[in-house]
Amino acid sequence: MRCVIARFPFDFTKFEVEQSMGGIKPEPVTGVSVTIGRRVYPVMQVGEVITRQSRRDFTVGEVRRALTQLGFTCHDAPPAPPVQRPAPWQATAAEWD
């Protein structure tokens, strides 16, 4: 499939992307991710590997669109965990000293 990422044309197949990511350990997912095989990778990591370009050169949307067209499943960013704040009436141990 032909796609344009960072103004450069690329011809990818699903098999080629799977092979490229085969021996690569996934980074922690903090944003949009994609499932390749049984692993979940950040989209930007996959984009960097398959295009051999810096992550600054392309956007998440460009890579996500290309991966979706190839048949991969992309996932939105996971929700942020709730912030645990002490209630205003709870004093910390440092305040009692």
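For helix 60-70, report the angle its Cα long axis makes with the longest principal axis of the Cα atoms of the chain; keep it between 0 and 90° and round to the nearest 10°. Roughly 50 degrees, rounded to the nearest 10.
For the pair R7 and V83, label points projected 7 Å from Cα toward Cβ lie 3.9 nm apart.
The residue list I5, A77, V40 was ranked by how far each Cα lies along the charge dipole of the chain toward its positive end, using unit charges on Cβ atoms, and I5 comes out on top.
Annotation: amide H-H contacts under 5 Å for A77 (H modelled 1.01 Å from N, sequence separation of 5 or more, or interchain): V32.
Since every read-out is calculated from the coordinates, none of them should be taken as a lab result. Keep in mind the model is a prediction, meaning the values are calculated, not measured. Positions of Cβ are generated from backbone atoms using ideal geometry, with glycine treated the same way; all protein chains shown enter the neighbour counts.
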